[in-house]
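Just below is one structure, and these are the notes that go with it.
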Amino acid sequence: MADSTVSDELLAAIRTIPDYPKEGILFRDITTLLGNARAFRRAVDALVQPWAGSKVDKVAGIEARGFILGGAVAHQLSAGFVPIRKKGKLPYDTVRIAYSLEYGLDEMEMHKDAIEPGEKVILVDDLIATGGTAEAATRLLQQIGAEVIAACFIVDLPDLGGREKIEALGVPVRTLVAFPGH
Ligand code: AMP
């Protein structure tokens, strides 16, 4: 976790929308944080802080909010950026992985030449809940030979156990704020 002043500031910048996209879900809306210049900068600085000055080859962002954050993180670390997208959106040859959603299966993919074997990669998304999305992205990156050195998220929903899924793949997880429940 980031230090408590930063966490408090980020928590205050995130808007919670009850019953979106369906009843019972508390949607943690980070667009309010992104629209707040100071909070956006603080979030990006805090996410990259453990790797400031170390060599990171690529930042991989998960569609779509992971693109916004991942682009800023990549710039900050002087790393390249790699999009991980829902299937069918990337124009060149891809590698693909299936993963389960609450109802049914989905697939995500990345360009097969986006990462060289052995490159050090940080995975970025806005929020980790059950960890299913980030787990699939981590496996996809590892399959093509990336060394995934960390997975970073602004928001953790620790009651859903996502962090443990990613750590079980040998990847440290960094999060900045946590909300109880789901
Ligand atoms: P999961 O695969 O369960 O870890 O879900 C993570 C993905 O779903 C992320 O890309 C999040 O943006 C989105 N997500 C899941 N739960 C929430 C929530 N309560 N508020 C906002 N986004 C969520």
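With both residues required to sit in the chain, DSSP beta bridges show an antiparallel share near 35%.
Solvent exposure of region 54-178, expressed per residue, is 43 Å² of accessible area, with all protein chains present and a 1.4 angstrom probe. Here's how it looks for D126: its modeled amide H is under 5 Å from those of G66, which are all 5 or more places away or on a different chain.
Suppose the chain between T31 and A52 were pulled fully straight at 0.36 nm per residue; how much longer would it get relative to their current alpha carbon spacing? Present the calculation step by step, with values, prior to reporting the outcome.
On the way: separation 21, 0.36 × 21 = 7.56 nm, distance 2.53 nm.
Taking 0.36 nm per residue and subtracting the Cα distance, the gain is 5.0 nm.
Taken one residue at a time, the phi angles of region 47-60 give Karplus couplings (6.51, -1.76, 1.60, θ = phi - 60°) of 4, 8, 3, x, 10, 4, x, 9, 7, 10, 7, 9, 10, 9 Hz. Gly and Pro are set to x.
Classify region 28-117 from the C-alpha gyration tensor, please: rounded if a/c falls under 1.5, else prolate or oblate depending on whether a/b exceeds b/c. Verdict is oblate for region 28-117. Estimated from the Cβ-Cβ distance and a Förster radius of 22 angstrom, the FRET efficiency linking R41 and Y20 is about 0.25.
For region 83-182, what is the percent of antiparallel DSSP beta bridges, rounded to the nearest 5? Taking every DSSP beta bridge within region 83-182, about 40 percent pair in antiparallel fashion.
Subtracting the Cα-Cα distance of D8 and V95 from their residue separation scaled by 0.36 nm leaves 27.4 nm. Rounded to the nearest 20, the size of the Cβ-charge dipole of the chain about its Cα centre is 360 debye, with Lys and Arg at +1 and Asp and Glu at -1.
In terms of its C-alpha gyration tensor, the chain has an oblate overall shape, because the principal axis ratio a/c (a ≥ b ≥ c, square roots of the eigenvalues) is not below 1.5 and a/b does not outweigh b/c. Note on the chain: helix-only mean residue ellipticity at 222 nm, from DSSP H runs of 4+ residues weighted -39500 (n - 2.57) and normalised by residue number, equals -9000 deg cm²/dmol.
Which distance in Å, rounded to a whole number, links the C-alpha centroids of region 123-182 and region 4-39? Comparing the Cα centres of region 123-182 and region 4-39, I get a distance of 18 Å.
In this rough spin-label picture, where each label sits 7 Å from Cα along the Cβ direction, the A64-K87 distance is 2.1 nm.
Restricting attention to region 11-100, lysine pairs at least eight places apart or on different chains and with alpha-carbon atoms under 23 angstrom apart total 4. Summarising the amide proton neighbourhood of F27: residues at separation of 5 or more, or on other chains, whose placed amide H is nearer than 5 Å comprise I17, D19, Y20.
Loop sites only, by DSSP: take the GluC sites (Glu not before Pro) in the chain that have at most 10 other C-beta atoms within 10 Å and name the longest stretch containing none of them.
Working: sites that count: E23, E102.
Answer - 103-182.
Within the chain, the longest run free of trypsin sites (Lys or Arg not before Pro) that sit in a DSSP loop with at most 13 other Cβ atoms within 10 Å is 113-182. Each residue of region 65-72 is assigned a 3J(HN,Hα), and the resulting list reads 5, x, 6, 5, 6, x, x, 5 Hz, derived from the Karplus form 6.51 cos²θ - 1.76 cosθ + 1.60 (θ = phi - 60°), x at Gly and Pro.
Where the accessible area of region 78-142 is counted over protein heavy atoms with a 1.4 Å probe, how much of it, in %, is carbon and sulfur? Provide the component values of the computation, followed by the final result.
Working: 1530 of 3220 Å².
Whole-percent figure for carbon plus sulfur exposure: 48.
The values are calculated or read from the model by the stated rules, or taken from the named source; none is laboratory data. Computed from a prediction, not measured in an experiment: that's the story for all the values here. Neighbour counts are summed over all protein chains in view; Cβ atoms, including those assigned to glycine, are modelled from backbone coordinates with ideal geometry. Quick note on the areas: whole protein, heavy atoms, side chains included, nothing else; ligands and nucleic acids left out. Shrake-Rupley method; radii C 1.70, N 1.55, O 1.52, S 1.80 Å.
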